[in-house]
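The values are calculated or read from the model by the stated rules, or taken from the named source; none is laboratory data. Given the structure is predicted, the values throughout are model-derived calculations rather than measurements. We place every Cβ from the backbone using ideal geometry, glycine too, and count neighbours over all the protein chains shown.
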Amino acid sequence: MGSIYRRKWKDKDCNIREGEILWIKYYRNGKPIRESTGSTKDADAKRLLKKREGEISAGKLPGIYFDRVRFDELAEDLLSDYRINGKNVVRAELSVRHLKVEFEGMRVTAITTPRINIYIEERLAEGAANATINRELAALKRMLNLAAKQTPPKVDKVPYIPMLKENNVRKGFFEHDQFLALRDVMSEHLKGFVTFGYKVGWRISEISNLTWSRVDLKQGIVRLEAGETKNHEARTVYLDNELQEIFGHQRKLCKKLGTALPYVFPNHDGTDRVKRFDKAWRTACKKAKIGVRLFHDFRRTAVRNMVRAGVPERVAMMISGHKTRAVFDRYNIVSDADLKLAAHKQEAYLQTQMGTKLGTVHQLEDRKTTVRL
């Protein structure tokens, strides 16, 4: 059984002094636990003692354990999880940096939905975009969920974390003539790189890190293993005639350079793989007169082209590496040309109904006039 008491101590004159704040004492696994109630009222102390004894009876950790956990500890656990699983630590560190401004040193039990709402309002006032704030909230949710799953858990309950509505979905894509214009002005060592990206819709990092051990030129296959993709699923792509030519050329180029690099797409000097080429990309877009574009627009373009060509959507998802239908639908963008084509197809369909062509409104009016005469 637990007990309620006030702490006593001796002052410098050896007089016994007694504090006003009530404390409780209870046992878990035979070990005594002492906790301040933070109150001078007997009712508050009895209520807290009953709560702690109930938690222990139910096999749960007493709340005092969770009160000792601070935000900083969970933030470090999150970054450690990202490093272990090979995730984007830079993005996580940026989110944690912003979260620390509000939550650094705070007890985890104090991170509640109202407190999170205050954080959201402050970030909005600073001018942060909804998408940016959502990435930070996602990091907070991830660290709390990780803490709740640990043994023993560091968090008793994960609070509700509201997310903001995002309306910043990019809609850029390439028409085929725009891609050809861009490729024509790209450096020679990048032409095969951008063509592969345009046709299969892989992420730039996946193409950049592609090695010859993942290529079977005889079968015309390129394969990524589960640990090499963002969605952690293996991916296989069959090369068409143009891509087979490109990969054959890259193979000859690597042999000509005499490099021991394992990468399919080496840089201009053959000293490393192709990495970032932002400046060359912007210059090529300007020369091709296609405006400001992103390499990631190839991803949207490849998805749209495959769907237009009649490739089943599930197959297109396997090629591009989209794991969920929701994300795939965001990339399967409808252009003005698609909408115009739909209108023409609908008109052609209606004209085939009943075996006759439908006249326009004016033609029908003229026909009525003729009948009257």
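Can you find a residue in segment 148-159 that is in a helix (DSSP H, G or I) and hydrophobic (A, V, I, L, M, F, W, C)?
First, pick out the residues of segment 148-159 that are in a helix (DSSP H, G or I): 148-149.
Filter once more, so that each one left must be hydrophobic (A, V, I, L, M, F, W, C): 148.
For segment 148-159, residues in a helix (DSSP H, G or I) and hydrophobic (A, V, I, L, M, F, W, C): present.
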Item to check | Condition broken by Lys141, with the remaining ones in (1) charged (D, E, K, R); (2) assigned to a loop (DSSP other than H, G, I, E, B); (3) farther than 14 Å from Val69 by Cβ satisfied | outcome: (2)
Checklist outcome for this item: The residue from Ala92, Ala75 that alone is in contact (Cβ under 8 Å) with a residue 60 or more places away in the chain and over 20 Å from Ile4 (Cα atoms) is Ala75
Item to check | So Val292, is it closer than 13 Å to Leu190 by Cα and either under 34 Å from the mean Cα position of the chain (by Cα) or at pLDDT 90 or above (or both) | outcome: no
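One line per residue, one yes/no per condition, for (1) small (Gly, Ala, Ser); (2) over 23 Å from Ser187 (Cα atoms); (3) in contact (Cβ under 8 Å) with a residue 40 or more places away in the chain:
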{"site": "Val215", "(1), (2), (3)": "no, yes, yes"}
{"site": "Tyr238", "(1), (2), (3)": "no, yes, no"}
{"site": "Lys256", "(1), (2), (3)": "no, no, no"}
{"site": "Pro262", "(1), (2), (3)": "no, no, yes"}
{"site": "Asp269", "(1), (2), (3)": "no, no, no"}
{"site": "Val274", "(1), (2), (3)": "no, no, yes"}
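Test of understanding: among Ser205, Ser213, which residue is farther than 30 Å from Ala138 by Cα, hydroxyl-bearing (Ser, Thr, Tyr) and surrounded by fewer than 18 Cβ atoms within 10 Å (Cβ to Cβ)? Don't jump to the end; show me each part of the working.
On the way: Ser205 fails: farther than 30 Å from Ala138 by Cα.
Of the residues listed, the single one that is farther than 30 Å from Ala138 by Cα, hydroxyl-bearing (Ser, Thr, Tyr) and surrounded by fewer than 18 Cβ atoms within 10 Å (Cβ to Cβ) is Ser213.
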Checklist outcome for this item: For Leu78, the lone unmet condition from (1) within 20 Å of Ala147 (Cα to Cα); (2) not assigned by TED's automatic domain parsing to the domain that holds Glu136 is (2)
Checklist entry - Of the conditions (1) under 24 Å from Leu182 (Cβ atoms); (2) within 24 Å of the chain's Cα centre (by Cα); (3) at pLDDT below 80, Arg325 fails just one. Which one is it? => result (1)
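Among the listed residues Ala316, Ala284, which satisfies the condition of being among the small types (Gly, Ala, Ser) and modelled with pLDDT of 90 or more? Can you show your working first?
Numbers: Ala316 fails: modelled with pLDDT of 90 or more.
Being among the small types (Gly, Ala, Ser) and modelled with pLDDT of 90 or more holds for just one of Ala316, Ala284, which is Ala284.
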Next on the checklist: Quick check on Phe298: is it within 27 Å of Gly86 (Cβ to Cβ), in contact with a Phe, Trp or Tyr (Cβ under 6 Å, 6 or more places away or on another chain) and surrounded by 15 or more Cβ atoms within 10 Å (Cβ to Cβ)?
Outcome noted: yes
Item to check | Residue among Val108, Val200 that is closer than 30 Å to Asp240 by Cβ and at pLDDT below 90 | outcome: Val200
Checklist entry - What pairs can you find where one residue is in segment 56-72 and farther than 11 Å from Val155 by Cβ and at pLDDT 70 or above, the other is assigned to a loop (DSSP other than H, G, I, E, B) and of a type in the set (S, T, N, Q), and their Cβ atoms are less than 6 Å apart, with a gap of 6+ or different chains? => result none
Next on the checklist: Quick check on segment 113-153: of everything there that is surrounded by 13 or more Cβ atoms within 10 Å (Cβ to Cβ) and among the hydroxyl-bearing types (Ser, Thr, Tyr), which residue is farthest from Ser80 (Cα to Cα)?
Outcome noted: Tyr119
